[in-house]
1. Any chance you could count how many residues in the range A:12-23 are over 29 Å from residue B:61 (Cβ atoms) and facing another protein chain (nearest Cβ under 8 Å)?
2. Quick one: residue A:185 ticks every box in (1) crowded, with 16+ Cβ neighbours inside 10 Å; (2) of a type in the set (A, V, I, L, M, F, W, C); (3) under 24 Å from residue A:280 (Cβ atoms) bar one, so which box is it?
3. Could you identify the single residue in A:20, A:94, A:77 that is under 18 Å from the mean Cα position of the chain (by Cα), within 30 Å of residue B:354 (Cα to Cα) and of a type in the set (Gly, Ala, Ser)?
4. Tell me which residues, restricted to the range B:97-123, are under 24 Å from residue B:311 (Cα atoms) and either more than 20 Å from the chain's Cα centre (by Cα) or among the aliphatic types (A, V, I, L, M) (or both).
5. Residue A:2 is checked against (1) outside the structural domain of residue A:310 (by the TED database); (2) surrounded by 21 or more Cβ atoms within 10 Å (Cβ to Cβ) and fails just one. What number does that condition carry?
6. Name the single residue, out of those in the range A:396-412 being part of a helix (DSSP H, G or I) and over 14 Å from residue A:357 (Cα atoms), that is nearest to the chain's Cα centre (by Cα).
7. If I filter the range B:408-425 for residues that are under 24 Å from residue A:129 (Cβ atoms) and in contact with a helix residue (DSSP H, G or I) (Cβ under 6 Å, 6 or more places away or on another chain), do I get at least one hit?
8. Scan the range B:43-55 residue by residue and report those that are farther than 19 Å from residue B:303 by Cβ and surrounded by fewer than 22 Cβ atoms within 10 Å (Cβ to Cβ).
2 protein chains.
Amino acid sequence: QGTRDHPPAQAALRERLLSAVVSCFKRHGAAAIDTPVLELRETLMGKYGEDTKLIYELQDQGGELLALRYDLTVPFARYLVMNKVTNMKRYHVAKVYRRDNPATTRGRYREFYQCDFDIAGQYDPMIPDAECLKIVHEILSDLQLGDFVIKVNDRRILNGVFAVCGVPESKFIPACSTVDKLDKVPWEEVRSEMVGEKGLSPEAADHIGEYVQLHGGLDLIERLLQDPKLSQNKLAKEGLEDMKLLFEYLTLFGITGKISFDLSLARGLDYYTGVIFEAVLLHQENEHVEEPVSVGSVAGGGRYDGLVGMFDPKGRKVPCVGVSIGIERIFSILEQRLEASGEKLRTTETQVLVATPQKHLLAARLKLISELWDAGIKAEMLYKKNPKLLKQLQYCEDTGIPLAVIVGEQELADGVVKLRDVATREEVRM
Amino acid sequence: QGTRDHPPAQAALRERLLSAVVSCFKRHGAAAIDTPVLELRETLMGKYGEDTKLIYELQDQGGELLALRYDLTVPFARYLVMNKVTNMKRYHVAKVYRRDNPATTRGRYREFYQCDFDIAGQYDPMIPDAECLKIVHEILSDLQLGDFVIKVNDRRILNGVFAVCGVPESKFIPACSTVDKLDKVPWEEVRSEMVGEKGLSPEAADHIGEYVQLHGGLDLIERLLQDPKLSQNKLAKEGLEDMKLLFEYLTLFGITGKISFDLSLARGLDYYTGVIFEAVLLHQENEHVEEPVSVGSVAGGGRYDGLVGMFDPKGRKVPCVGVSIGIERIFSILEQRLEASGEKLRTTETQVLVATPQKHLLAARLKLISELWDAGIKAEMLYKKNPKLLKQLQYCEDTGIPLAVIVGEQELADGVVKLRDVATREEVRM
């Protein structure tokens, strides 16, 4: 339940998609790593908050207690510490496992791919962070998914907002996870959850509401830097100054048109410590929809400067920032689009079918196809001793093979072959 | 235990190796599929004989009882039945899991990659089987692993031998698994296991010994077809005639020089029903060794016409033949060879580093690198505001980046850049 086989058509589409993502990661100088699907259970415990219950555990069959990885970030942090690496730009494309309620039509599975790019190391502020946003921009543009916006915020700004609104520090995380719902429900509902479930005062909630409904660009950053209360809060000021720097870099990258500084963005995971971001598509495939509708997040990430230190016996920190591309959701979109277009994706790359028009020519086919393979040509033949020519040409049409090389008695006698263009039926002897 | 992280250098070597294998599979017209790492426990039970105890089981956390796949063949058979596919040429490169005693220096892990190519469908005899052997030949030649031999046998011939030597049918499988040890221990030991543990008569064992120590080519097949006893056995005769046909096809492929019809080859798995084969490397890396020494199997496979029927509620059979490339062992060999050569494999593909020779030029670097990325150039820069030029060039040398594009105050004023060849130190303004 919640897993699926990928038949050839899906596997081919997935390969195309992954290769677009990976080539972007490589364009930015990332190296690949791989880690086991199995992790020690203790490595995963205490990293995902409430979601720990979604971790798949292996049966105790003797030896170590194991679990299936839940994401690629925690294994990356574990990798850095175990291998004593303090500087690294890496990508990792692999499957992760969550005992979640699957919603397969929306691309939510229990086994699914993650595509992660992370930069670990102590660097000057916002330069790696800006590159992560550039990567999201490149990938979403490259895949032609339609219009999108990348929302950006900073955990320090959010925490600063909570502080100046009179929220006690112990309630920052619950307040944060309530704010995170603003992309799905209206402010009124968020407010009532804050006051009801999370126990904030109505005044604090109203005050928070004034901030978290703001979004904009450099102008908003400047305005908040002048905000009499917020500018007095150390965390918020740091966050806002870094946000300004980030926008400066993004302007140089020429991508601020798709970036929105959005104070309602909070992100679920506990481990973020600085910049956070999330990309959403604005249009449905369906062009009849007048109003641009968000189809949900297709990429997200942020800065997590504390996670690696949790694995280090001496608590040494390695600052990290990274991005995860929501490949399953993008895959669902591309799959639906392909289906709607009626286009048939080829599942093989075969260039030529080796065919014979008469009986008793299997030897000639085997000899010729072997020459083609040895020359690096992608070639197939039917696994029959005496196939009909029509069947052979039909196979080309069914599977999209563009050429047939035909060798009959006459061709054998003349020492030539006939090369046939399957679509145009043109033939040349050579 | 028995798993490993792949740091960038290993991941890059693995990518190179897998891409050689996959491009061969594609050259032969195979389509990719993917199946979940998780399978229902019941799917895997009863397929691996004694090795069932090596299957990793997941904890019962509610819902289905799951296990990690043990190989890619059983999931393929399950896939064919579930998706009602009766004809398919597919490849699958993925990780499998075995709770075995790891021997990591010899490339034996608990989590490891398998690279499988299989042809499912009812076809004329030996044509797909011959292609599997051609594939092994192409891959091992392509990877330049040194001299190798592909041993070929047929389960029907082996069973025929047992029958004519007076072994009761109930003892075919135990006799088979004893014969399988002939590549590791001398005949005398195999004989004593047959008589002692397996309870064959000394006469039967001696008689078997006369057959299973034979190996050769077409001449041996002809001789056995004339063998007064063996030629009377229906199974053996079928197997020998198909073996003759196979050699005919392999002659047309021009690869019989590396093929040995070897009656001692038995293969461990129960599910084989016809042709079986195994490729072994003949030379150690070490050239001081006078006698060619076998370093073990690097590829193997065979025909399994009954496995798919085990999953079909109506028992409908789909004949299959396939090959699995022993990628981990090959990886170990390539890794040792790379280490011995002192060659350093690049872990990234970066073409150019964007560098500045003076301070306060971060903006120029960010602008230029963004142009390069947008033009599809693989480019990096250091994540520092004011890095020293020497540090930047050192980074190129350390990571193998061949070019540096340098933009300083003068270049900015002139509207040019300097392109520097890192190795030769030549520079051009452009």
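1. 2
2. The number of the failed condition is (1).
3. Exactly one of A:20, A:94, A:77 is under 18 Å from the mean Cα position of the chain (by Cα), within 30 Å of residue B:354 (Cα to Cα) and of a type in the set (Gly, Ala, Ser), namely A:20.
4. Correct list: B:119, B:120, B:121, B:122, B:123.
5. Just one mismatch for residue A:2, condition (2).
6. Top of the filtered list is A:399.
7. Among the residues of the range B:408-425, not one is under 24 Å from residue A:129 (Cβ atoms) and in contact with a helix residue (DSSP H, G or I) (Cβ under 6 Å, 6 or more places away or on another chain), which makes the answer no.
8. B:43, B:45, B:46, B:50, B:51, B:52, B:53, B:54, B:55
The values are calculated or read from the model by the stated rules, or taken from the named source; none is laboratory data. Since the structure is predicted, the reported quantities are computational estimates derived from the model, not experimental observations. Don't worry about glycine lacking a Cβ; one is built from the backbone with ideal geometry, like all the others, and counts go over all protein chains shown.
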